[in-house]
1. Which residues, taken from the range 30-48, are in contact with a strand residue (DSSP E or B) (Cβ under 6 Å, 6 or more places away or on another chain), farther than 21 Å from residue 83 by Cα and touching a residue at least 24 places away in the same chain (Cβ under 8 Å)?
2. Across the range 49-64, what is the number of residues that are closer than 15 Å to residue 206 by Cβ and touching a residue at least 60 places away in the same chain (Cβ under 8 Å)?
3. Looking at the range 130-147 only, could you name the residues that are farther than 22 Å from residue 38 by Cα and touching a residue at least 40 places away in the same chain (Cβ under 8 Å)?
4. Every residue in the range 176-201 that is more than 21 Å from residue 104 (Cα to Cα) and either at pLDDT 95 or above or in a loop (DSSP other than H, G, I, E, B) (or both), please.
5. Looking at residue 128, is it surrounded by 21 or more Cβ atoms within 10 Å (Cβ to Cβ), more than 20 Å from the chain's Cα centre (by Cα), at negative phi and outside any loop (DSSP other than H, G, I, E, B)?
6. Which members of the range 68-99 meet the condition of being within 11 Å of the chain's Cα centre (by Cα), closer than 16 Å to residue 54 by Cβ and part of a loop (DSSP other than H, G, I, E, B)?
7. Name the residues in the range 202-223 that are loosely packed, with under 14 Cβ neighbours inside 10 Å and assigned to a helix (DSSP H, G or I), would you?
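The values are calculated or read from the model by the stated rules, or taken from the named source; none is laboratory data. These numbers come from a predicted model, not from an experiment. Here the Cβ positions follow ideal geometry from the backbone for every residue, glycine too, while neighbour counts run over all protein chains shown.
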């Protein structure tokens, strides 16, 4: 028969081993995610619409998303530097340098528009930007042609970008929905001119992760839940 001391030693060994296994499994199911701070879409307090989608995925799969909600430029830099497993939102097809990364089913099609002051005629294609001072948001992805048109005309935030348009610093600005629409709810929907029927580009908001075997396995589970949710 085993002595009480030996029984206790075996019990403690099993307890410690179980603890380590649990921690390993936990780490295997955790993703560090850099997230763009977009009002009502991705919020530090977890109240954004995309935050809620990730919570639903967690409840159905056990995958834990550890989000750092950051200014766009910082989020992109952190992901590029390898500090995070994933970035949200990111469209690898739109952004050529990420085409080999893993992409979830899209949550939303963000549409890029050219905005002018309300008394100006809407701009419906890229040619309408010729000869204008065009501003964009720092860190925001644009097509190569639009990036060239913007040049160094970049504001640190979307609100600053709209304010600079109002001050005639820019003759047109580029912004995505739903980001700009949330801001216009506060500023008034008629302060800018644009044509809803003519986006300059479409960006598919998705969770995008580095192409590792572990991430690939998790992405299969994530996409299965998103399909069930109707995305």
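1. none
2. Selection size over the range 49-64: 4.
3. 132
4. If the condition is that a residue be more than 21 Å from residue 104 (Cα to Cα) and either at pLDDT 95 or above or in a loop (DSSP other than H, G, I, E, B) (or both), then 188, 189, 190, 191, 194, 195, 196, 197, 198, 199, 200 are the ones that fit.
5. no
6. Correct list: 89, 90.
7. Within the range 202-223, 213, 216, 217, 220 meet the criteria.
Okay, residues lined up against (1) at positive phi; (2) in contact with a helix residue (DSSP H, G or I) (Cβ under 8 Å, 6 or more places away or on another chain):
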site: 36; (1), (2): no, yes
site: 46; (1), (2): yes, yes
site: 70; (1), (2): no, yes
site: 101; (1), (2): no, no
